[in-house]
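Following: one structure in structure tokens, then a few remarks.
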Amino acid sequence: DVSSPKHGKVDPDNMPHVGGNTWAGGTGGRDTAGLGGKGGPYRLDAGHRVYQISQAEKDAVPEEVKRAAREMSEKAFKQRLKDIQMSEYDASTYERFSGAIRRQVQSLRIILDNLQ
């Protein structure tokens, strides 16, 4: 069951964590920032293989937990913008231009990675 969203502990060794309710950047878990889980406040990729839970499990998250996760996510987003000295307008403008070329940038990254 989900209880309340949180960032989670940071693993200093960046080991992969699957399931549970402890680690930031884990996959398939609950309540913590990560990928493929449920009830976490925001997506956080630690670079590991993603284990996805079912959509039915995600849909079963209580509305108050979803609301708390959205609020925490919004707060973290605003703090990140402040940290990098970017306004919300700057972020939306960046996203508009970045989104238009996202596929091409991803393709170029793949090509460059293969060349290395």
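The values are calculated or read from the model by the stated rules, or taken from the named source; none is laboratory data. Worth saying up front: this structure is predicted, and the values here are computed from it rather than measured. Heads up, the Cβs are rebuilt from the backbone with ideal geometry, glycines too, and the neighbour counts pull from every protein chain shown. Only protein heavy atoms, including side chains, enter the accessible area calculation; ligands, DNA and RNA are left aside. Shrake-Rupley method; radii C 1.70, N 1.55, O 1.52, S 1.80 Å.
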TODO: Place +1 on the Cβ of every Lys and Arg and -1 on the Cβ of every Asp and Glu in the range 1-85, take the dipole about the Cα centre, and give the residue among G47, P12, S73 whose Cα lies farthest towards its positive end.
DONE: S73
Task: Kirkwood estimate for the chain, i.e. one over the average of 1/r between Cα atoms, Å - done: 15.8
Task: Residues of the chain: accessible area per residue with a 1.4 Å probe, Å² - done: 74
Task: Relative pair counts by distance (%), Cα atoms of the range 4-44, 5 Å bins - done: 8, 36, 38, 15, 4, 0
Open item on the list: So for each of 83-90, 65-72 I average, over its residues, the number of other beta carbons within 10 Å; can you give me the resulting order with the highest mean first?
Closed with: 65-72, 83-90
Task: Cα long-axis angle, helix 88-115 against the chain (0 to 90 degrees, to the nearest 10) - done: 80
Open item on the list: So for the range 1-85, averaging the separation of alpha carbon pairs under 8 Å that are six or more residues apart and normalising by length, what relative contact order in percent results?
Closed with: 24
TODO: May I ask you to order 96-107, 4-15 by the average number of other C-beta atoms within 10 Å around their residues, highest value first?
DONE: 4-15, 96-107
Task: Summed side-chain charge close to I53 - residues other than I53 whose Cβ falls under 9 Å, Lys, Arg +1, Asp, Glu -1 - done: +2
Open item on the list: I'd like the carbon and sulfur percentage of the solvent accessible area for the chain, probe radius 1.4 Å, heavy atoms only, ligands and nucleic acids excluded.
Closed with: 52
Open item on the list: Need the full-extension length gain, A76 to Y89, defined as separation in residues times 0.36 nm minus the C-alpha distance. One decimal, nm.
Closed with: 3.0 nm
